[in-house]
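Reading through the structure tokens given below for one structure.
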Amino acid sequence: QAQLVESGGGLVQAGSSLRLSCTTSGRSSSSYAMGWFRQAPGKEREFVAAIFWGGGSTDYADSVRGRFTISRDDAKNTVYLQMNMLKPEDTATYYCARGVSDSPARQISEYNYWGQGTQVTVDS
């Protein structure tokens, strides 16, 4: 079992920045990809970003590329999502997830451990 806990969400103004954190515990997450997803009210959960735990290879949804940056600190078992130039359409609950393999993936089915989510609200 692996446990994932997100933090760092909040209410901000459009154009602001936030950094989300996801700390893993329990079964080691080494050699697994980690991803961030988000879900807005009334919408399906969607891919945001992913990173290969060991090699740093990353992938981003087109809607966030150039504004969001995913990174990880192996020593702290933590994955980050730096979100800059936030827009009202970024408002959602953000979830961290651990992949079933080492390669970043966009499909929800490629992740088998999930955090409880952290709320991000961007006010215009």
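Exactly one residue among Gly99, Gly56, Gly66 is surrounded by fewer than 17 Cβ atoms within 10 Å (Cβ to Cβ), farther than 29 Å from Ala14 by Cβ and of a type outside the set (Asp, Glu), and that residue is Gly56.
Got a number for residues in the range 78-96 being crowded, with 17+ Cβ neighbours inside 10 Å and under 14 Å from the mean Cα position of the chain (by Cα)?
Within the range 78-96, residues that are crowded, with 17+ Cβ neighbours inside 10 Å and under 14 Å from the mean Cα position of the chain (by Cα) number 12.
Close contacts from the range 2-22, counting a first residue that is open to solvent by 50 Å² or more (accessible area, probe 1.4 Å) and a second that is among the aromatic types (Phe, Trp, Tyr) and modelled with pLDDT of 95 or more, with Cβ to Cβ under 7 Å and a gap of 6+ residues or different chains, come to Arg19/Tyr80. The single condition among (1) in contact (Cβ under 8 Å) with a residue 12 or more places away in the chain; (2) more than 15 Å from Gln3 (Cα to Cα); (3) surrounded by fewer than 18 Cβ atoms within 10 Å (Cβ to Cβ) that Asp73 does not meet is (1).
Considering the conditions (1) within 23 Å of Ser31 (Cα to Cα); (2) crowded, with 17+ Cβ neighbours inside 10 Å; (3) among the β-branched types (Val, Ile, Thr), Thr118 is excluded by exactly one of them, (1).
Of all positions in the range 97-112, at least one carries a residue that is touching a Lys or Arg at 6+ places or on another chain (Cβ under 8 Å), assigned to a strand (DSSP E or B) and either under 20 Å from Val5 (Cα atoms) or not acidic (Asp, Glu) (or both). For the range 59-81, a tally of residues being part of a strand (DSSP E or B) and small (Gly, Ala, Ser) returns 1. Tell me, yes or no, whether the range 24-40 has at least one residue that is part of a loop (DSSP other than H, G, I, E, B), modelled with pLDDT of 95 or more and open to solvent by 40 Å² or more (accessible area, probe 1.4 Å). No: the range 24-40 contains no residue that is part of a loop (DSSP other than H, G, I, E, B), modelled with pLDDT of 95 or more and open to solvent by 40 Å² or more (accessible area, probe 1.4 Å).
The number of residues in the range 23-73 being touching a Lys or Arg at 6+ places or on another chain (Cβ under 6 Å) and among the polar types (S, T, N, Q) comes to 2.
In this structure, is Tyr60 touching a strand residue (DSSP E or B) at 6+ places or on another chain (Cβ under 7 Å), modelled with pLDDT of 95 or more, over 20 Å from Gln3 (Cβ atoms) and not polar (S, T, N, Q)?
For Tyr60, the condition - touching a strand residue (DSSP E or B) at 6+ places or on another chain (Cβ under 7 Å), modelled with pLDDT of 95 or more, over 20 Å from Gln3 (Cβ atoms) and not polar (S, T, N, Q) - is met.
Within the range 113-124, being closer than 17 Å to Cys22 by Cβ and part of a strand (DSSP E or B) holds for Tyr113, Trp114, Thr118, Gln119, Val120. Look at Gly56 and say whether it is of a type in the set (Gly, Ala, Ser) and on the phi > 0 side of the Ramachandran plot. Judged against the criteria, Gly56 is a match.
The values are calculated or read from the model by the stated rules, or taken from the named source; none is laboratory data. No experiment lies behind these values; they were computed from the predicted model shown. Note that each Cβ is placed from the backbone with ideal geometry, even for glycine, and that neighbours are counted across all protein chains shown. Just so you know, the surface numbers come from the protein's heavy atoms only, side chains and all, with ligands and any DNA or RNA stripped out. Shrake-Rupley method; radii C 1.70, N 1.55, O 1.52, S 1.80 Å.
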